[in-house]
Amino acid sequence: QVQLVESGGGLVQPGGSLRLSCAASGSGFIFTTYAMRWYRQAPGKARELVAGISSVGGVTVYADSVKGRFTISRDNSKNTIYLQMNSLKVEDTAAYYCNAYRSSVTINDYWGQGTQVTVSS
């Protein structure tokens, strides 16, 4: 059973910063073989990809709406990924979800339970 546990969400004022973490664990789970992603979902809206990082960390992708403000990173020694969020805006308010994805002989796709980020004055 693979577990992804997010933390670091909370209430922050516009312009502020937060750092989300996602710790991965599980029997037989090889963290370094998974691409890792952060998604978010605001009330009444579809879940959207925020940022992704390749299995060894050499490639990152970002949604246009967060480029230059958010940074995704991973620490393979800790089986953890991070999302540093700076210059937060009200429209960044959402539940943020961690995702682990691997496509080889089969597709492995795991999700965390989410952490709430609220940006409000």
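Tabulated values for the structure
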{"item": "Projected-area mean, region 73-121, by convex hull of Cα positions, square nanometres", "result": "4.7"}
{"item": "Accessible area expressed per residue, region 63-121, with surrounding protein chains retained (probe 1.4 Å, Å²)", "result": "51"}
{"item": "Normalised alpha carbon radius of gyration of region 39-106 [divisor 2.2 N^0.38 Å]", "result": "1.18"}
{"item": "Area projected by the alpha carbon convex hull of the chain, averaged over all directions, nm²", "result": "7.4"}
{"item": "Within the chain: Cβ-based charge dipole about Cα centre, in debye rounded to nearest 20 (Lys, Arg +1; Asp, Glu -1)", "result": "80"}
{"item": "Surface share of carbon and sulfur [accessible, 1.4 angstrom probe, percent] for the chain", "result": "49"}
{"item": "For region 95-109, Karplus couplings with θ = phi - 60° (6.51, -1.76, 1.60), whole Hz, Gly/Pro x", "result": "8, 9, 10, 8, 9, 10, 9, 9, 10, 10, 5, 10, 9, 10, 9"}
{"item": "Centroid-to-centroid separation of region 1-50 and region 60-121 [C-alpha atoms, Å]", "result": "4"}
{"item": "Antiparallel bridge percentage (DSSP; both residues within the chain; nearest 5)", "result": "95"}
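The values are calculated or read from the model by the stated rules, or taken from the named source; none is laboratory data. As the structure is a computational prediction, the values presented were derived from the model and not from experiment. Reconstructed Cβ throughout: ideal geometry from the backbone, glycine too, with neighbour counts over all protein chains shown. Just the protein is used for accessible areas: all its heavy atoms, side chains included, with ligands, DNA and RNA removed. Shrake-Rupley method; radii C 1.70, N 1.55, O 1.52, S 1.80 Å.
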